[in-house]
Amino acid sequence: MKVNIIEHPLITHKLTMMRDKRTNPKDFKSLLKEISLLMAYEVTRNLPLEDIEIETPIMKITAKVIGGRSIGIVPILRAGLGMVDGILELVPSAKIGHIGCYRDPETLEPVEYYCKLPIDVEQRTVILVDPMLATGGSAGMAIDFIKQRGVTDIKFMCLIAAPEGVKALNKKHPDVEIYTAALDECLNEHAYIVPGLGDAGDRLFGTK
């Protein structure tokens, strides 16, 4: 089972606050943004650098800037929207796409209803984001859509993952790196992550 677990005291603390059922939607949203920003440091750790010539107030030097592929951020609607602003704090030039899919409550299978990606998405490193990786169905379908548009460099970022979801995504898309802040115990009979934090979309937007 291949997964990158990003361990940091700030992330752990903020995630505990998100898990607490007493946390209101406003605070939940702020915490999601903050954790996404912190995780993005690790997800972008291996971005390539290239040399440029600049002049400091003292002298001319050769310095390094991010080179290679530009970044694309693609949230899985709707909960993934809460992760975008945090990443944009670090990479303000990133372009944003959107993928809409939901889990059928009867079959637990993903259903796609929307896909809109940047016109040059195949030239970008795409960070696909969704707070929860449960069965892996929605993430796997979203990656299918992205690959169909020519993207070859994809990273999946979530807050909480279930072992079942990691295993399913590893099997379907072994080339996609998974980044999570926590690997929880399992899925329950309703395919919710245990202990998890409930339905991220409902808690983010105050819906049921």
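The values are calculated or read from the model by the stated rules, or taken from the named source; none is laboratory data. As the structure is a computational prediction, the values presented were derived from the model and not from experiment. Note: ideal-geometry Cβ built from the backbone for every residue, glycine included; neighbour counts use all protein chains shown. Protein only, heavy atoms only, side chains kept; ligands, DNA and RNA dropped before computing areas. Shrake-Rupley method; radii C 1.70, N 1.55, O 1.52, S 1.80 Å.
Some observations on this one:
- For the pair LYS167 and SER93, label points projected 7 Å from Cα toward Cβ lie 4.2 nm apart.
- Principal-axis tilt of helix 81-90 within the chain, Cα atoms, nearest 10 degrees: 20 degrees
- C-alpha long axis of helix 137-148 to longest principal axis of the chain, angle in °: 40 degrees
- Farthest toward positive dipole pole in the chain [+1 Lys/Arg, -1 Asp/Glu at C-beta], among LEU197, ILE143, THR207: THR207
- Unsatisfied cross-links (Cα-Cα over 25 Å) in the set LYS14/LYS171; LYS33/LYS95; LYS116/LYS172; LYS26/LYS172: LYS14/LYS171; LYS26/LYS172
- For PHE156, the accessible area of its heavy atoms, probed at 1.4 Å with every protein chain present, is near 0 square angstrom.
- C-alpha center-to-center spacing [region 19-58, region 66-82] in angstrom: 12 Å
- Whole-number Å³ per residue for the convex hull built on Cα positions in region 154-206: 87 Å³
- Angle in degrees between helix 163-172 and the longest Cα principal axis of the chain, rounded to the nearest 10: 60 degrees
- If only the Cβ of Lys and Arg carry +1 and only the Cβ of Asp and Glu carry -1, the dipole of the chain around its Cα centre is close to 260 debye.
- Carbon + sulfur, % of accessible area of the chain - ligands and nucleic acids excluded, 1.4 Å: 54 percent
- DSSP beta bridge pairing in the chain, given as percent antiparallel to the nearest 5: 40 percent
- Over the chain, accessible surface divided per residue gives 54 Å², non-protein components excluded, 1.4 Å probe.
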